[in-house]
Amino acid sequence: MKEAWERSSKSMQIKFETLSVMISQVFRGKRLIKAERTQTGLSNGTYKVEIEGSTTPYLLRIFSGGSDIAIKEKAIAERLRGVVPVADYIYLDTSRKLVEYDWALMEWKEGVLLRDILQRREERQIAEVAESVGNILARIHSHTFESPGLFAGDLTIAHPFDMDENEFFSFITESLDHSATRHWLGAEATEKVRSFCVSHRSLLSEIHEPPVLVHSDFNGLNLLMMEGLNGFEVSAVLDWEFAFSGRRYVDIGNMLRYEHDKSLFERHFVKAYRSSGGFLNENWVLLSKLEDLIALCDLLNRSTPEMTNRIADLRQLINQTIVGA
């Protein structure tokens, strides 16, 4: 999974003294006792913080993007409260007076990453987490919108866009002919990708489904799991910075990116998604591959020669996407 990838930006590091001032802005007269970086929130800065007088820790999240990202994430958390397990926002600062970023103090969510459970390869646990993840994704996708596009801070559509077959093929062609994807894939693989897209692009114009809330980074690094009386369940869905209104197959493709066809995880995940109200087109497998191919090519376009692990992984994923389809 992509935790081995080289990062395109430097990791955020905030001095303890600065973190202490930030905490004092939220809790007057309380000291910051401890702050440690977490293994989540890889594109942002996230700290587990312990505060004087509190028996529970908090999550301090520092946003690397624009202020619209922080406001959007807070709006999504409020929209999903009680339906999807997300961390509540306690405080949000977009003034950029203390640090050059937006930041928030949030509820701390306990759990282990889905990635870590999948790496154990215990069939019972894999089946349990797959069912819970499928159920949660169906709940996320139950939130629909009038049109596809990028969100404003209040979750209205600020920048409408529709990735129909023409837009899709235009992006893929640009990637294969004029961007870094062609260089990293090589001539033979490039033409195989082109042929795959020519053969299946029309499927994207045959979908007549309402746009849904798409997480757009829905994978084992952004899902926390907790074991309870009924087995493992999702305790938190993290990092909504890339969320938008679009097709559900974006999240399906992302979640199954590293799964083999009809794997144990896929079977339980899809069954739970459907039984929880999630609709899947009869061509959902191909549609998910097409949607994920957009993401994979975009990631490859933005890769540099220093990112050897990332490039190798993306090449393998793209080859797996088009083989046998």
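Values in this text are rule-based calculations from the coordinates and carry no lab data. The model shown is predicted, which means the values in this text are computed figures rather than measured ones. Virtual Cβ from ideal backbone geometry, glycine too; neighbours counted across all protein chains shown.
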Given 0.36 nm per residue, what is the gain on full extension from Glu52 to Ser142 after removing their alpha carbon distance, in nm?
28.4 nm
Just the ratio, please: alpha-carbon radius of gyration of region 1-158 over 2.2 N^0.38 Å, N its number of residues.
1.16
Cα-centre dipole for region 21-91 with unit charges at Cβ (Lys and Arg positive, Asp and Glu negative), debye to 20:
80 debye
Nearest-ten-degree value, helix 187-200 long axis tilted from longest Cα axis of the chain:
80 degrees
In a GNM of the chain with a 10 Å cut-off on Cα contacts, which of Leu113, Leu264, Leu137 has the highest mean-square fluctuation?
Leu264
Within region 252-283, DSSP-loop GluC sites (Glu not before Pro) with at most 16 other C-beta atoms within 10 Å are Glu259, Glu282
Charge dipole (debye, nearest 20) of region 146-268; +1 at Cβ of Lys and Arg, -1 at Cβ of Asp and Glu:
360 debye
How much length would be gained if the chain were fully extended between Ser24 and Gln125, taking 0.36 nm per residue of separation minus their Cα-Cα distance, in nm to one decimal?
32.2 nm
Taking DSSP loops as anything outside H, G, I, E and B, show the longest stretch in the chain free of chymotrypsin sites (Phe, Trp or Tyr not before Pro) there with at most 14 other beta carbons within 10 Å.
1-160
Read-out Rg and Dmax of the Cα atoms in Å, derived from the coordinates shown; its label in [x] 23.3, 76; [y] 20.3, 64; [z] 18.9, 59
[y]
With each pseudo-label sitting 7 Å past Cα toward Cβ, what's the Asn309-Asp88 distance in nm, one decimal?
3.7 nm
Exposed-loop-free span, longest in the chain, where trypsin sites (Lys or Arg not before Pro) count as exposed if DSSP calls them loop and at most 16 other C-beta atoms lie within 10 Å:
122-261
Cα gyration tensor category, rounded, prolate or oblate, for region 111-203 with a/c compared to 1.5
oblate
Name the GluC sites (Glu not before Pro) in region 149-211 that are in a loop by DSSP and that have at most 13 other C-beta atoms within 10 Å, would you?
Glu206
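Using 0.36 nm times the number of residues separating Ala187 and Asn283, minus their current alpha carbon distance, what extension gain do you get? Let's see the in-between values first.
Values: separation 96, 0.36 × 96 = 34.56 nm, distance 2.87 nm.
Working it through step by step, the gained length comes to 31.7 nm.
Can you work out the FRET efficiency for the pair Lys262 and Ala4, with r the C-beta to C-beta distance and R0 = 22 Å, to the nearest 0.05? The partial results should precede the final answer.
Details: r = 26 Å, r/R0 = 1.18.
According to the calculation, E is roughly 0.25.
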Under a point-charge model restricted to the Cβ atoms of Lys and Arg (+1) and Asp and Glu (-1), what is the dipole moment magnitude of the chain relative to its Cα centre, in debye to the nearest 20?
760 debye
Quick one: which of Lys2/Lys30; Lys48/Lys72; Lys74/Lys97; Lys48/Lys271; Lys74/Lys271; Lys2/Lys109 span more than 26 angstrom between C-alpha atoms?
Lys2/Lys30; Lys48/Lys271; Lys74/Lys271
Tell me what the chain gives for mean residue ellipticity at 222 nm when only DSSP H runs of n ≥ 4 count, each as -39,500 (n - 2.57), the sum divided by the residue total, rounded to 500 deg cm²/dmol.
-13000 deg cm²/dmol
Candidates per GluC sites (Glu not before Pro) in region 85-158, loop by DSSP, up to 13 other Cβ within 10 Å
Glu100, Glu110, Glu122, Glu146
